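For reference, the structure discussed in these notes is given below.
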Amino acid sequence: MRLLHTSDWHLGRSFHRESLHDAQRAYLDHLVEVVRARGVDAVLVAGDVYDRALPGLEAVALFDDVLHRLAGLGVPTVFISGNHDSARRLGVGAGLIGRAGVHLRTDPGECAEPVMLADEHGPVAVYGLPYLEPTLVRERFGLERGGHAAVLGAAMDQVRADLAARPEGTRAVVLAHAFVTGGETSDSERDIAVGGVASVPATVFDGVHYAALGHLHGCQTLAPHLRYSGSPLAYSFSEVNQRKTMWLVDLAADGAVTAERVDCPRPRPLACLRDTLDRLLNAEEYTPFEQSWVQATLTDSARPTEPMERLRRRFPHTLQLLFDPDRPEEGDTRSYAARVSGRADLEIAEGFLRHVRPGAAPDRDELDWLREGFESVRETTDRKAELPR
């Protein structure tokens with residue numbers, strides 16, 4: 001049986017305020033074409049369909065469209081809800097939609113109720129485990145305490161019990177949205193450590209032939225039967241070196257897994273550039289990045305004027321600007337009070353300006369303004385001192 005494993009679509013998300021609507025639509029077009037062209041028998045979507053619990057209308061329209069197209073292909077599709085989704089909203093109409101071969105698994109109480117598929121080698125049970133927030137589902141699994149590992153372990157116990165009651169040779173596939181120990185994180189993932197330690201051991205998935213994981217945005221293999229597809233698009237500059245793909249998984253008659261990465265379309269490359277503003281604007285080595293989404297870190301000792309505007313003349317898609325001056329650390333370990341002891345007010349203020357603007361001494365106008373300010377304060381203080389008490 002050939003499975004297409006994807007996750008973390010985050011429909012409705014932007015990238016540093018840059019709309020990704022067209023890019024997400026292009027990805028869904030690509031997904032449907034892969035299903036059609038590569039002979040996919042079932043599609044697995046391991047959570048975070050939407051980026052937020054109350055998605056915008058454009059995001060809902062994208063989801064509605066892809067549901068119709070997948071149903072039209074006659075290829076069964078299994079979705080689970082992730083920590084970004086509203087499980088109840090995503091699961092509305094699940095019973096009716098399921099008749100069209102699109103199965104929405106958002107209810108923790110249905111973890112042990114698989115979608116049953118079959119090929120020439122026999123049955124395949126696909127179990128959808130939605131994101132399980134420990135504080136909300138402990139009682140449902142008969143637990144008084146415990147975090148993510150405990151609730152996911154209890155859900156998997158139910159899966160194994162159901163599988164044991166099925167005909168011998170039934171192959172088992174699980175979809176889960178969780179942080180499995182050993183996975184590599186990205187900056188764009190929402191922390192799920194609420195209620196205890198976020199990670200769960202890989203052994204929690206023992207007993208199944210393939211676990212299609214969602215939540216982490218980088219495609220990765222924790223074991224041959226345990227994989228993250230990652231997000232189809234980059235959602236932070238920490239993903240600059242990630243290759244965005246889906247897993248095309250072939251499940252053999254004995255449950256053995258072989259998998260191939262299928263590339264996702266990239267709307268625009270990412271680039272993290274670090275240098276002085278002058279070099280970024282003029283050095284030929286940065287020419288290949290002129291049409292990239294750019295994160296620029298300026299190393300100038302003094303903050304340049306209008307850096308973003310100037311960068312965007314060469315790199316029109318600059319989205320993030322950071323400052324990290326290259327300057328030696330000061331060797332003076334005395335306290336601030338000791339370092340300014342005996343100095344005049346104007347000298348202290350001038351030193352402060354030099355400290356916050358390394359390499360740029362106060363000009364004559366700034367010194368005149370400081371001098372006038374100190375004199376005005378002294379005059380006001382002297383007048384108050386002369387008033388009768």
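The values are calculated or read from the model by the stated rules, or taken from the named source; none is laboratory data. What you see is a predicted model, and the numbers here were worked out from it, not measured in a lab. In this analysis, Cβ positions are derived from the backbone assuming ideal geometry, glycine residues included, and neighbour counts consider all displayed protein chains. Heads up: the accessible areas ignore ligands, DNA and RNA and are worked out on the full protein's heavy atoms, side chains in. Shrake-Rupley method; radii C 1.70, N 1.55, O 1.52, S 1.80 Å.
Taking the numbered list (1) part of a loop (DSSP other than H, G, I, E, B); (2) open to solvent by 50 Å² or more (accessible area, probe 1.4 Å); (3) in contact (Cβ under 8 Å) with a residue 40 or more places away in the chain in turn, G183 passes all entries but (2).
Could you identify the single residue in E110, E144, E168 that is out of contact with any strand residue (DSSP E or B) (no Cβ under 6 Å at 6 or more places or on another chain), within 25 Å of D51 (Cα to Cα) and either open to solvent by 60 Å² or more (accessible area, probe 1.4 Å) or free of Cβ contacts under 8 Å to residues at least 24 places away in the same chain (or both)? Result of the check over E110, E144, E168: E110.
Considering only the range 188-205, I want to know if a residue exists there that is within 27 Å of the chain's Cα centre (by Cα), among the polar types (S, T, N, Q) and not in a helix (DSSP H, G or I). The answer is yes; a qualifying residue exists. How many residues are of a type in the set (G, A, S) and at pLDDT below 80 when one looks only at the range 296-349? Residues flagged as of a type in the set (G, A, S) and at pLDDT below 80 within the range 296-349 amount to 7. Among residues of the range 1-23 that are in contact (Cβ under 8 Å) with a residue 40 or more places away in the chain and open to solvent by 50 Å² or more (accessible area, probe 1.4 Å), those with a beta-carbon under 7 Å from a residue that is assigned to a strand (DSSP E or B) and of a type in the set (D, E) at least six positions away or on a different chain give the pairs R2/D250. Is it fair to say D29 is open to solvent by 50 Å² or more (accessible area, probe 1.4 Å), in a helix (DSSP H, G or I), without any contact (Cβ under 8 Å) to a residue 12 or more places away in the chain and under 19 Å from T245 (Cα atoms)? In short, yes.
The single residue among L251, L277 that is farther than 30 Å from V32 by Cβ and in contact with a strand residue (DSSP E or B) (Cβ under 7 Å, 6 or more places away or on another chain) turns out to be L277. Quick one: count up the residues across the range 115-132 that are open to solvent by less than 20 Å² (accessible area, probe 1.4 Å) and either assigned to a loop (DSSP other than H, G, I, E, B) or modelled with pLDDT under 95 (or both). Number satisfying all stated conditions: 2.
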